[in-house]
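In what follows, a single structure is set out as structure tokens and then discussed.
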Amino acid sequence: MPMLSYKDVFLTYRGTAVSVKALSHFSLDIDPGEPVAIIGPSGCGKSTALLLAAGLLQPTDGEVSIAASKVTKPRFETALILQDFGLLPWKTVYDNAALGLRVRKFKRSEIRQRTEKALQQAELADFARLYPAELSGGMRQRLALARALALDVNLLLMDEPLSALDALLREQLQDLLLQLWRTSAYAQVLVTHSIEEAVFLGRRIIIMSQRPGRVAHIVDNPGMGSTDFRGEAAFYTKCQEVRAVLTAQSLKGAGVAGADVATGANADAGVSRA
């Protein structure tokens, strides 16, 4: 049974005058404990796919399910990390890490135990009394991870969480993500624009088409799983393979950028399969 399943999903953002088709015929199954990276052109619906899995959006058509249950609202065992980390500036590191547990009304003793463990895993235990503004960008990212870890999730969704970091710090946090995934064995879905990041953190690399997004190609990446992978010839070969597929998709999509925007009745006709 897949942990996360998209079955022929369509999603259209409807505006007053213009409707934009974000996803069309999007289908994908992700197994329990599987790390997947999603990459594709800007605006192809990658972030939309994550928001659907998180229960923050509902598809226009098709179905999104987790462990065979249709996703209709946010789920306690799913964590979503966005680009801005979602930290509350008026709360300490400890309180930010514990926020999800308090919302879910865990007992005080369990909140303390889980939060302290998560801060240890994220190497932030010594900074528990500080505030987000007093942290570096990398530490704020680790705090967002700690909040997800404290929840003991089985599905972690991440929308370009490392995009604002410098190259060396980005690699260090990629190593941390890999270590945490290997320790916790949750299913992990990472949206990224970085080919190297996708290859380092994705057992499968899902390459999306131009908008409206669908799964255009899947690259298997069995060598993923070790921090030494970056130094292996197989890593560079896989990066070249992904780059070639992305280039082919870009050339294929050239000249049709306006096909995903419609007005009035045309927008509705493009979404319905009935």
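FYI, it's all coordinate maths here, none of it is from the lab. Quantities reported herein were computed from a predicted structural model and do not represent experimental measurements. Quick reminder, even Gly has a Cβ in these numbers, built from the backbone with ideal geometry, and neighbours come from all protein chains shown.
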* **Cβ-placed point charges (K, R +1; D, E -1), dipole of the chain about Cα centre in debye, nearest 20** => 820 debye
* Relative contact order [Cα under 8 Å, 6+ residues apart], segment 1-108, whole percent -> 27 percent
* Structure fact -> Across P74, P222, P32, the residue with the highest GNM fluctuation in the chain (Cα network, 10 Å cutoff) is P222
* Structure fact -> Scoring segment 85-152 by relative contact order with C-alpha pairs under 8 Å, at least six apart, yields a percentage of 50 percent
* Which loop trypsin sites (Lys or Arg not before Pro) in segment 73-152, with loop taken from DSSP, have no more than 14 other Cβ atoms within 10 angstrom of their Cβ? -> K91, R104, K105, K107, R129
* **DSSP-loop chymotrypsin sites (Phe, Trp or Tyr not before Pro) across segment 10-100, with at most 13 other Cβ within 10 angstrom** => F76, W90
* To do: Starting from the Cα of K70, draw a straight line to each of the lysines and keep only those under 26 Å, dropping any in the same chain fewer than 8 residues away.
  => K7, K21, K46, K105
* Roughly how many debye, to the nearest 20, is the charge dipole of segment 85-152 about its Cα centre, given +1 on each Lys and Arg Cβ, -1 on each Asp and Glu Cβ, and no other charges? -> 360 debye
* Structure fact -> Ranking H193, A54, A167 by how far each Cα lies towards the positive end of the charge dipole of the chain (+1 on Lys and Arg Cβ, -1 on Asp and Glu Cβ), the top one is A54
* Could you tell me the distance between the Cα centroids of segment 170-197 and segment 8-27, to the nearest Å? => 29 Å
* Partner aspartates and glutamates for K73 [C-alpha distance under 15 Å; skip if fewer than 8 residues away on the same chain] -> E63
* Asked: In what sequence, highest mean first, do 196-207, 228-239, 55-66 appear when ranked by Cβ atoms within 10 angstrom?
  -> 196-207, 55-66, 228-239
* Structure fact -> Sequence order, segment 215-232: Karplus ³J(HN,Hα) from phi using 6.51 cos²θ - 1.76 cosθ + 1.60, θ = phi - 60°, Hz rounded, Gly and Pro as x, gives 6, 8, 6, 10, 9, 6, 9, x, x, 5, x, 10, 5, 7, 4, 4, x, 9
* Asked: To the nearest 20 debye, what charge dipole does segment 173-228 have about its Cα centre, counting +1 at the Cβ of each Lys and Arg and -1 at the Cβ of each Asp and Glu?
  -> 320 debye
* Asked: Under a straight-distance cross-link criterion of Cα-Cα below 18 Å, which aspartates and glutamates are reachable from K107, leaving out those fewer than 8 residues away in the same chain?
  -> E77, D95, E116, D152
